[in-house]
């Protein structure tokens, strides 16, 4: 996995500039810029801050089951919130969404 490419894809999907990513992740602009311009691999705390800015966990970032970089910001945020629910709430949400889709 190319960590820099994945961060860049997620940044571009959100239409964020490098400066916007730095601001959202509460990192210095030079830290984030160096990831792209100098090819630096982010440190663990830096990557953790970037993931938090994207609204995902480190586990989500490294997960191969769903390519999160292909999801829209909304889809990523939605999955992040759903992952916090218990099974009963997830089932209720699925039933609700299924009912909405079946009406159309």
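Every number here is computed from the coordinates shown, using simple stated rules; none is lab data. Note that the structure is predicted; figures quoted are calculated from it, not measured. As a convention, Cβ positions derive from the backbone with ideal geometry for all residues, glycine included, and neighbour counts pool all protein chains shown.
At-a-glance table
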{"item": "Angle between the chain longest axis and helix 3-13 axis [Cα atoms, degrees, rounded to 10]", "result": "60 degrees"}
{"item": "FRET E, pair residue 41, residue 70, Förster distance 22 Å, beta-carbon r, rounded to 0.05", "result": "0.50"}
{"item": "Packing rank of 3-9, 79-85, where each peptide gets the mean count of other beta carbons within 10 Å, highest leading", "result": "3-9, 79-85"}
{"item": "Inter-label distance, nm, simple model (7 Å from Cα along the C-beta direction), residue 30/residue 18", "result": "1.3 nm"}
{"item": "Length-normalised contact order of segment 3-103 in % [C-alpha pairs under 8 Å, at least 6 apart]", "result": "25 percent"}
{"item": "C-alpha long axis of helix 87-103 to longest principal axis of the chain, angle in °", "result": "70 degrees"}
